[in-house]
């Protein structure tokens, strides 16, 4: 992913996507191989710099500059603390009461300035984290919902993106928190290292070289032994936690179907299996973390006595004061902590590396990267009122199963088309291709603009919100988009009248009015949901409507009533269905004859041919 591509496209409200494969693991999946942390640093940098080069770069750099400045000021105050501590401890050892209280006074004055600065630094870092999270989450959500990326992430390609919801909701805040924490920690350690190296060099230069060698060797061993393995385990833990959560959410969304099938034992077994895999991974992570903690404790405790052992002979010889030992110890441990930050924070660095891998993969999936251009060309136009397919070839994504071969179709305005054929032949797939969801194939689709078309799937979507929002969907707001499109806002009387038209006359009264919020997908039966979807069609009055077995859950009388109303409000429509009574509402019939071949005929010709076949 090139930085220029990512930063530019994340700033745009419309983002092209690179489709991903949910079945085939990627050869670049960090969950399958152990990688050194250095491999992730360029990816972290590409993700991190998006905000600092984006539309809010001034805000980003302001927070960052304030944080760095506060780090520097606090480091300088810590240096002053070391000198104040040296003064009063030397005075205490020499029983010099005046110098002791002078040193204590200096210490207190420094703390009076340091304490509020540390609090301000904490506040600034937290706001930096929050603003960064808000910006990155917002951009990912825009990319995720633009160009139907949320759907295309389930179509096959050369990546594997598991649990995009978890990556947006969990990985983004963990990434920003970890980045701010670790980067500010590195900056503080760098300032401490520079400042206290000067203090230590002025007292004992040889100790500086020893400390540098000790820290470099320890850091290299920690990274080589623990770094890549901990990152891999952290990545796998997040992946399996997402899988477990997905299993539970899927059960909740399909609770009724599972209950009818009495399939709770199977689903419980599936969830427990996912939990077991998660527990096994966490146990391995704990084992490696325990090994890292053992190494850290040995490393740290080995350095506790070094300053005293090094400086004790000089103190016993009377060449240095007692307070110098304390100051050397203070400076030594500050420098050692700065140089050994990777050892102490290895678990945090590994977690951040795993989050970076997951976010970078998601960005790579939702941001345009010169992916293969769409082969089925869709040409929407506000002046086009019918539907035309030219040299249309369609294959299923991934498997490449042939659905349509050299199909030519012309549906003039004011005409209607019924698509028929055996189950699984690809009737719904044609609608997916016409709507632009599937692009694997070739040919040309001429159709009205997106705003002038409406697709009714067999299972309607019932968004969160009041009854009014169910009626007005897919308008983005209950009193915004629909009114802008039609020049006026629908009144409550109009909405209640539409409920009557689709044979839901008492619905508003039963639930408590148009502003009542319920889980409509559970409250309404599938037949009632399909009638609600018809209501949306009647309300929006598209130039071209597509109905994918949109009345399959309704009885024949209800279906007849709905299609009777449809003919008066939308003259051009395409239906997928099995019931032969639908023929009376359509002018043309497109029938699948097998092996990707389709036959277009009038509804009268189709009826006559079926009658002759039965005879």
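The values are calculated or read from the model by the stated rules, or taken from the named source; none is laboratory data. Just so it is clear, the model here is predicted, and its values are computed rather than measured. Glycine also receives a Cβ, built like all others from the backbone with ideal geometry; neighbour counts cover every protein chain displayed.
For the list (1) crowded, with 18+ Cβ neighbours inside 10 Å; (2) part of a helix (DSSP H, G or I), I need the number of the one condition that residue 162 fails.
(2)
Just one of the numbered conditions (1) surrounded by 15 or more Cβ atoms within 10 Å (Cβ to Cβ); (2) farther than 30 Å from residue 49 by Cβ is not true of residue 132; which one?
Answer for residue 132: the failing condition is (2).
Results for (1) at pLDDT below 90; (2) under 23 Å from residue 472 (Cβ atoms); (3) loosely packed, with under 15 Cβ neighbours inside 10 Å; (4) out of contact with any helix residue (DSSP H, G or I) (no Cβ under 6 Å at 6 or more places or on another chain), shown as yes or no for each residue.
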position: 545; (1), (2), (3), (4): no, yes, no, no
position: 562; (1), (2), (3), (4): no, yes, no, no
position: 605; (1), (2), (3), (4): no, no, yes, yes
position: 615; (1), (2), (3), (4): yes, no, yes, yes
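Going by what's in this entry, would residue 515 be described as modelled with pLDDT of 90 or more, touching a strand residue (DSSP E or B) at 6+ places or on another chain (Cβ under 6 Å) and not assigned by TED's automatic domain parsing to the domain that holds residue 428?
Values: modelled with pLDDT of 90 or more: yes; touching a strand residue (DSSP E or B) at 6+ places or on another chain (Cβ under 6 Å): yes; not assigned by TED's automatic domain parsing to the domain that holds residue 428: yes.
It is true that residue 515 is modelled with pLDDT of 90 or more, touching a strand residue (DSSP E or B) at 6+ places or on another chain (Cβ under 6 Å) and not assigned by TED's automatic domain parsing to the domain that holds residue 428.
At least 3 residues that are more than 27 Å from residue 432 (Cβ to Cβ) and free of Cβ contacts under 8 Å to residues at least 40 places away in the same chain in each: list the helices (runs of 4 or more DSSP H) lying fully within region 504-615 that qualify. I'd like the intermediate steps shown before the answer.
Numbers: elements: 507-511, 520-523, 526-540, 556-569, 603-614.
Hits in region 504-615: 556-569, 603-614.
Against the definition (at negative phi, assigned to a helix (DSSP H, G or I) and surrounded by 14 or more Cβ atoms within 10 Å (Cβ to Cβ)), how does residue 249 come out, yes or no?
Numbers: at negative phi: yes; assigned to a helix (DSSP H, G or I): yes; surrounded by 14 or more Cβ atoms within 10 Å (Cβ to Cβ): no.
So residue 249 fails the test.
(1) part of a loop (DSSP other than H, G, I, E, B); (2) within 32 Å of the chain's Cα centre (by Cα): which one isn't true of residue 424, the others all being true?
(2)
Of the numbered conditions (1) surrounded by fewer than 18 Cβ atoms within 10 Å (Cβ to Cβ); (2) over 21 Å from residue 301 (Cβ atoms); (3) touching a helix residue (DSSP H, G or I) at 6+ places or on another chain (Cβ under 9 Å), residue 240 fails exactly one; give the number of that condition.
That leaves (1) as the condition not met.
Which residue pairs have Cβ atoms closer than 7 Å, lie 6 or more positions apart in sequence or on different chains, and pair a first residue in region 473-498 that is farther than 22 Å from residue 565 by Cβ with a second residue that is at pLDDT 55 or above?
If the second residue must be at pLDDT 55 or above, the pairs left are 478/468; 478/469; 478/472; 479/489; 481/475; 483/489.
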